[in-house]
Amino acid sequence: MSRKIRKAVIPAAGWGTRFLPATKAVPKELLPLYDKPIIQHTVEEAIASGIEEIIIITSPGKSSLEDHFAPHRKLESALKKKGDTELLEKVQRTSRLADIRFVPQNNPRGLGHAVLMAAKEVGDEPFAVFLPDDLFGADPTVIKQMSKVYKKYGGSVLALLKVAPEDISRYGIVKPEEVAKRTYRILDTVEKPETEKAPSRLAIMGRYILTPEIFDALRATKPGKGGEIQLTDGLAILRKKQNLYGYEFEGTYYDAGKPMGLLKTSIAWGLKQPGIGLELREYLYKLLSG
Ligand code: G1P
């Protein structure tokens, strides 16, 4: 019987090299999308997905991530004194969003290794993984859509998106067997293959529902692409022992993991926001026609 997904792991331990020099002193996950850091959008998506407990994997030098979700008494009392209740509410909300725990990954040994760091906090229950580089405009959330597949079939479930041939080598790619509309049994997973060698165009996006058996699979995973312990390689081991499914979610994918991606995300996401979309549209229109 499938169990409720209560816990989420958010890996946030990387160097953020694609964003250097912006990320020399500021963690990539704290770069803003409009008025909130990227990782806060991810945390809010996790909450909207029914998650009750969040485990963020960090690395040394990234304590500002913890600061962001902790209360800031001095700032709060300054805002209170000024009578700025709107900002006060925004600041207080960030520290009351969810039960968030931080687990360090002292050596950056890859995404699979980062997820393995959460083994103790996750324990013996299924959980979700949210990669903060990937943002989605989806209602219900991508994890909620995947939960339906998980409830029906059990096993682990990956979020899938058909990508253009030239983008294949940027993602984990699956070998799929269609079992229902948008739903696939996964026969293999390959991390960032060359386009010609890829088993399909279905790429793994940064949302996963995983059973705790993934931890043993990750312990057995040898360094792969880039000399790192890859989550995709752990999944290839897992699917030999247990069913692995993929779901082509409905919604928009935003790539916030590189400078041009974040710039495009800011525009595309911004255009869809009720409070700011119209002003942004008018500005872009003027810019392009002038
Ligand atoms: C990671 C995973 C990859 C996945 C991608 C989704 O790659 O290793 O399998 O497809 O996230 O964004 P990264 O973006 O960290 O290079």
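What follows is calculated from the coordinates using simple rules that are stated; it is not laboratory data. All values reported here derive from a predicted model rather than from experimental measurement. Note: ideal-geometry Cβ built from the backbone for every residue, glycine included; neighbour counts use all protein chains shown.
Numbers for the structure displayed
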item: Two-decimal Rg to Rh for region 245-289 - Kirkwood Rh, Cα set; result: 1.11
item: Residues of type aspartates and glutamates that residue 264 reaches as a straight line, Cα spacing below 19 Å, ignoring anything fewer than 8 places off in the same chain; result: 29, 35, 133, 134, 166, 167, 255, 279, 282
item: Qualifying lysines (Cα of each under 22 Å from Cα of residue 81; at least 8 residues distant if same chain); result: 90
item: Debye intensity ratio in log₁₀ form over the Cα atoms of region 44-138, taken at each q of 0.18 Å⁻¹; result: -0.96
item: Likely footprinting exposure, 146, 117, 260, fewest C-beta neighbours within 10 Å first; result: 260, 117, 146
item: Antiparallel bridges, percent of DSSP beta bridges restricted to the chain (to nearest 5); result: 60
item: Order of 149, 115 under a 10 Å beta carbon neighbour criterion, fewest first; result: 149, 115
item: Cross-link table 175/240; 192/225; 152/181; 151/181, entries beyond 18 Å C-alpha to C-alpha; result: none
item: Virtual spin-label span in nm between residue 252 and residue 90, 7 Å along Cα→Cβ; result: 2.1
item: Relative compactness, the chain, computed as alpha-carbon Rg over 2.2 N^0.38 Å; result: 1.03
item: Set of aspartates and glutamates near residue 241 by C-alpha distance (under 13 Å), chain-local residues within fewer than 8 positions excluded; result: 188, 213, 216
item: Most mobile listed residue (54, 276, 173) in the chain, GNM with C-alpha springs under 10 Å; result: 276
item: Loop-resident sites, region 155-256, for trypsin sites (Lys or Arg not before Pro), counting at most 15 other Cβ within 10 Å (DSSP); result: 181, 182
item: Region 56-139: relative contact order in percent, alpha carbon pairs under 8 Å with at least 6 residues between; result: 38
item: Debye, to nearest 20: dipole size of region 13-90, +1 on Lys, Arg Cβ, -1 on Asp, Glu Cβ; result: 480
item: Given charges at Cβ of Lys, Arg, Asp, Glu: the chain dipole, positive-most of 287, 176, 236; result: 236
item: Average silhouette area of region 87-176, convex hull of alpha-carbon atoms, in square nanometres; result: 9.2
item: Projected area averaged over orientations for region 115-266, convex hull of C-alpha atoms, nm²; result: 9.1
item: Sequence-distant residues sharing a close amide H with residue 56 (under 5 Å, placed H); result: 10, 101, 102, 103
item: Distance between region 204-244 and region 14-54 - C-alpha centres, whole angstrom; result: 23
item: Cut-off 15 Å (backbone N to label point 7 Å along Cα→Cβ of residue 282), residues of region 16-38; result: none
item: Most mobile listed residue (48, 118, 159) in the chain, GNM with C-alpha springs under 10 Å; result: 48
item: The chain, relative contact order in percent, only Cα pairs under 8 angstrom and at least six apart counted; result: 21
item: Inter-probe distance in nm under a simple model that places probes 7 Å from Cα toward Cβ, at residue 47 and residue 219; result: 3.5
item: Electrostatic dipole magnitude of region 49-116 [Cβ: Lys, Arg +1; Asp, Glu -1; Cα centre; debye, to 20]; result: 280
item: Cβ charges +1 (Lys, Arg) and -1 (Asp, Glu), total dipole of the chain, debye; result: 200
item: Spatial extent of region 1-80: Rg and Dmax, with the Cα atoms as the point set, Å; result: 14.7, 51
item: In region 1-100, trypsin sites (Lys or Arg not before Pro) in a DSSP loop with at most 16 other beta-carbon atoms within 10 Å; result: 3, 4, 6, 24
